[in-house]
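J.: Shown below is the structure under consideration.
The values are calculated or read from the model by the stated rules, or taken from the named source; none is laboratory data. Since this is a predicted model, take the numbers as computed values, not measurements. Cβ atoms come from the backbone with ideal geometry, glycine included; neighbour counts cover every protein chain shown.
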Amino acid sequence: MSSNSNNDLGKFLRDYAEWEVNALLWISLITITYLLLNKVVNLLRLWNHARKIPGPPSSSFYGHSRLLSRQRVTEVLAESHEKYGSVVKLWLCPTKLLVSVKEPGLIKEMLLKAEDKLPLTGKAFHLAFGQSSLFASSFDKVQKIRESLAVELNGRLLERENIYYTKIVDSVMERIYEIMGKGSIDCRMASQQMAFTMLGATIFGDAFLAWSHATIYEELLMTIAKDACFWASYRVTPFWKRGFWRYHHLCTKLKCLTQDIVLQCRRNCKLFCNIDQSSHNETVNAGLEAALGGPSCSDALKPDNVLSLELNGHLNVKEEPCGNIMGVMFHGCLTTAGLVGNILERLATHQEIQDKIYSEIIMARNGSVKEGEIRVDKILLLLATVYESARLLPAGPLLQRCSLKDDLTLKNGVTIPAGAVLVVPVQLVQMDKRSWGSDAKQFNPYRFLSETGSQSDQAYSTSFAGATDEHVDPGKGSFVLNNPNDNAAFLPFGSGSRACIGQKFIIQGVATLFASLLELYEIRLQPGSENNPKPTMDNCVFQLLPSPNIIFVRRNN
Ligand code: HEM
C-alpha cells in the first residue's frame with residue numbers, strides 16, 4: 001500500500017517537473033517569438049516610412065556605407081541635398097537609416113522635437129568617465145541636470161570679473177612663452193592652452209592656475225579625446241584588447257587627477273564652496289598616487305558631490321564620482337580649443353580687424369565706470385568675430401540626434417521613423433548662400449553687425465547677408481550686434497531641446513579672454529609663415545590644414 005503511494009507521489013513529482021519544464025520552454029519560446037516579431041514589425045515599419053523619404057538609390061545590400069567610406073559624409077550629403085531636396089535618406093546598413101535635414105526652418109523643428117542623442121555619444125562618455133547623467137542619450141536622464149547646469153553657468157557669468165581673465169591670460173602667456181622658448185607655437189597648441197586654462201579655472205577656481213599637475217591633465221584629456229569614439233564604436237566593449245586596457249588606464253588616471261584638483265578647489269573654497277565640508281574630509285592622496293602610477297584611487301571621496309550638490313542635489317548614487325565634471329572638461333576643452341584656434345588664426349591673418357578690435361577695447365576701457373573693468377558687450381566687433389569664427393568652423397561636421405521612442409512628423413509632411421539617425425550637415429547649412437549671402441564662405445564678422453534702426457523683422461532676414469566694413473564702423477556707436485540665434489542657420493552650438501548649455505557662457509568668456517589678451521598683445525603670423533597653406537574650401541567642406549605658427553608681440557602701452 002505504502003509502496004503504491006510512494007510510486008504515485010514519485011510519478012506526480014515527475015509529471016509536475018515535466019510540466020514545469022514544458023511551461024518554461026513555452027514561455028521562453030513565446031517571449032523570443034514576440035521579441036523577434038517585434039523586431040521584424042519595427043523593421044518593416046522603418047522600411048515603409050523610409051520609402052517615402054527621398055534619397056539616392058542604394059545599389060547593394062550594405063546600403064550607402066561603401067559610398068560613405070569612399071567620400072566624406074558632408075560631400076555625399078551636399079550632392080544628395082542638391083538632387084533630392086531638404087530632407088534626404090541614406091542607408092548605413094539594412095537596419096540603420098540616416099536622415100539628413102538641410103532647410104533651416106525644418107532643422108529648427110527637428111532639433112526641438114528629436115530629444116534624444118545617438119547612443120554612441122552617451123557610450124563614449126560612459127566608457128571614458130563612467131556613468132554620468134549630463135551627456136546621456138535619453139532626454140529624460142539629462143533634463144534636470146541640464147537645467148541646473150544652465151542656472152549655474154549663468155550665475156557664474158554674472159560674478160566673473162575681468163581681473164579673473166587677466167589672471168588666466170597671465171597664466172596662459174607664461175606657459176606659451178615657455179613653449180615658444182623651446183621653438184615656435186602653432187595656433188592649435190596655443191588655443192588648447194587657452195581653452196584648457198580658461199575652463200579649468202572656471203570649474204575649479206584659482207586652485208587650478210597654481211596646480212602642478214595641470215599639464216599632465218591637459219595631455220591626458222587630449223589623448224583620451226583622440227580614442228574615445230573609436231573604443232565606443234565597438235558593439236561589445238573589447239576587454240580582450242590590450243589597447244583598450246591602456247585607454248582604460250588613462251581614464252583612471254584622469255579620474256584620480258580630477259579628484260585631486262576637486263579637493264584642492266574645496267580647500268581654496270573658490271567654487272561650489274557652499275557644500276557641507278564636514279562630509280568630505282577624506283584625503284585624496286590615494287587618488288593622486290594612482291594618477292601617478294600607484295595604487296587605485298580613493299572611493300571614499302565623492303568629488304562629484306561638488307558638482308551635483310551644487311547643481312541642486314541631483315546626485316544619483318550610481319553615478320561615477322567626477323563623471324560630470326570630466327564630461328564638461330572633455331567636451332568644453334575640445335570645442336573651446338577649436339573656436340579659440342579659429343579666432344587666433346583669423347585675427348593673425350586679418351590685421352585690420354584686429355586693429356579695429358583693439359581700438360574698441362581701448363574705448364571700452366576708457367568708458368568703463370569701474371576701474372579695471374572692460375564691458376565686452378561694448379566690444380561689438382570682437383563678439384561678431386567670435387560668432388563668425390564659430391560659424392565658419394563648427395565643432396563637428398554634423399549635429400546628431402534621434403528620437404528613440406516616437407516617430408517624428410515634420411511640417412513638410414515627412415515622417416521620420418523612431419530610432420533613425422538624424423543629422424544636420426552643419427557645415428553646409430552655415431555656408432549656404434541662401435542664409436548668409438554671396439560671401440557666405442568668407443570671413444566677414446561685419447555680417448553680425450547692423451545699423452541701429454534697421455532691426456525690423458524684415459531687416460533681420462537680410463542683415464546676415466554680408467555687410468562690409470565700409471558700411472559698418474562699430475567705433476561710431478550707431479551699430480548693434482545682431483543676435484546670431486535669430487538666424488536659424490546659425491548652429492555651432494546646436495539648437496532646440498539638446499542645444500549646448502555653454503553657449504552664452506563660452507561666447508562671453510572667450511570674448512573677455514581675447515579682450516584681455518589683445519589689450520596686452522598683438523597676434524601676428526610668424527614671419528615666413530604668411531605663405532603657409534590656410535584652411536580652404538573643397539566641395540563645400542573646410543580642409544583643416546596644419547595650423548599656422550603665430551607669435552604674441554607685447555604692446556607698448
Ligand atoms: C566653443 C565651445 C562649445 C561649442 C562649440 C559647443 C557645441 C556644442 C554642440 C554642437 C552641442 C550639441 C548640440 C545639439 O545637439 O543641438 C553641445 C552640447 C552640449 N554642450 Fe557644448 N559647446 C561648447 C562649450 C561648452 C561648454 C563650455 C559647456 C559647459 C560648461 C558645454 C556644455 C554642453 C552640454 C552639457 C551639452 C549636452 C547637452 C545635452 O546633451 O543635452 N558646452 N555643445
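J.: Mind listing whichever residues of the range 490-515 are more than 7 Å from the ligand (Cβ to nearest atom) and of a type in the set (Phe, Trp, Tyr)?
T.: Hits for the range 490-515 are Phe490, Phe514.
J.: On to the next question. Any idea which of Leu404, Leu383 is within 16 Å of the ligand (Cβ to nearest atom), in contact (Cβ under 8 Å) with a residue 60 or more places away in the chain and over 27 Å from Gly509 (Cβ atoms)?
T.: Unique residue meeting the criteria: Leu404.
J.: Here's something else I'd like to know. Can you find even one residue in the range 85-97 that is under 20 Å from the mean Cα position of the chain (by Cα) and either of a type in the set (Val, Ile, Thr) or closer than 26 Å to Arg346 by Cβ (or both)?
T.: Scanning the range 85-97 turns up no residue that is under 20 Å from the mean Cα position of the chain (by Cα) and either of a type in the set (Val, Ile, Thr) or closer than 26 Å to Arg346 by Cβ (or both).
J.: Next up: Among the residues of the range 338-359, is any surrounded by 18 or more Cβ atoms within 10 Å (Cβ to Cβ), closer than 20 Å to Leu221 by Cα, in contact with a Phe, Trp or Tyr (Cβ under 9 Å, 6 or more places away or on another chain) and in the same structural domain as Glu519 (by TED's automatic domain parsing)?
T.: Checking the range 338-359: at least one residue is surrounded by 18 or more Cβ atoms within 10 Å (Cβ to Cβ), closer than 20 Å to Leu221 by Cα, in contact with a Phe, Trp or Tyr (Cβ under 9 Å, 6 or more places away or on another chain) and in the same structural domain as Glu519 (by TED's automatic domain parsing).
J.: For Ala390, are the conditions met, namely being touching a Leu at 6+ places or on another chain (Cβ under 9 Å), within 30 Å of His126 (Cα to Cα) and either crowded, with 21+ Cβ neighbours inside 10 Å or modelled with pLDDT of 95 or more (or both)?
T.: Taking the combined requirement at face value, the residue satisfies it.
J.: Moving on to the next point. Looking at the range 17-76 only, could you name the residues that are among the small types (Gly, Ala, Ser) and outside any helix (DSSP H, G or I)?
T.: Within the range 17-76, Gly55, Ser58, Ser59, Ser60, Gly63 qualify.
J.: Which one of Lys83, Lys102 is under 21 Å from Gln427 (Cβ atoms), of a type in the set (Lys, Arg), surrounded by fewer than 16 Cβ atoms within 10 Å (Cβ to Cβ) and modelled with pLDDT of 90 or more?
T.: Step by step, each of Lys83, Lys102 is checked, and only Lys83 is under 21 Å from Gln427 (Cβ atoms), of a type in the set (Lys, Arg), surrounded by fewer than 16 Cβ atoms within 10 Å (Cβ to Cβ) and modelled with pLDDT of 90 or more.
J.: Need at least 3 residues that are farther than 30 Å from Lys144 by Cβ and modelled with pLDDT of 80 or more per element, so show me which strands (runs of 3 or more DSSP E) inside the range 476-557 make the cut, counting only ones lying wholly within it.
T.: 521-525, 549-554
J.: So how many residues does the range 201-212 have that are within 13 Å of the ligand (Cβ to nearest atom) and farther than 13 Å from Asp260 by Cα?
T.: 3
J.: While we're on this one: What's the number of the condition Thr237 fails, among (1) farther than 22 Å from Gly502 by Cβ; (2) in a helix (DSSP H, G or I); (3) touching a residue at least 60 places away in the same chain (Cβ under 8 Å)?
T.: Only one criterion is unmet by Thr237, namely (2).
J.: Give me the pairs: first residue in the range 388-399 and more than 10 Å from the ligand (Cβ to nearest atom), second residue modelled with pLDDT under 90 and assigned to a loop (DSSP other than H, G, I, E, B), beta-carbon distance under 8 Å, and six or more apart or on different chains, which are they?
T.: Hits for this filter: Pro397/Arg72.
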